[in-house]
Amino acid sequence: MNRQSVESSNIKTIGYDPINHILEVEFGKDVEEGNPYNRLYHYFEVPEEIYQALMSAPSHGEFLYWHIAYKFTYKYLGTLGDIES
């Protein structure tokens, strides 16, 4: 899944699969793109409208916390280093 970089203190990239309604979020405070210690999560059954609102929100982190994190089932996929090796 392709992810877009976002301006956030905690979220590095966000991607969305509109067919399967999966939101992919890369968390990590390191400014280096693709840091192997950044954590990757999938959130399931996220409607496209929620994804669009997340991408338009003034604070991606706040929107994720209040509207996604505790409302949708998620799975921790591991760090980028774990996934890419």
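Numbers for the structure displayed
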quantity: Within region 13-85, helices (runs of 4 or more DSSP H) holding 3 or more residues that are within 13 Å of the chain's Cα centre (by Cα) and modelled with pLDDT of 95 or more; calculated: 48-56, 60-64
quantity: Filter result (touching a Gly at 6+ places or on another chain (Cβ under 9 Å), within 17 Å of Phe63 (Cβ to Cβ) and among the aliphatic types (A, V, I, L, M)) within region 1-21; calculated: Ile11
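The values are calculated or read from the model by the stated rules, or taken from the named source; none is laboratory data. Not measured: the values here are computed from a predicted model. FYI the Cβ positions are ideal-geometry reconstructions off the backbone, even for glycines, and counts take in every protein chain you see.
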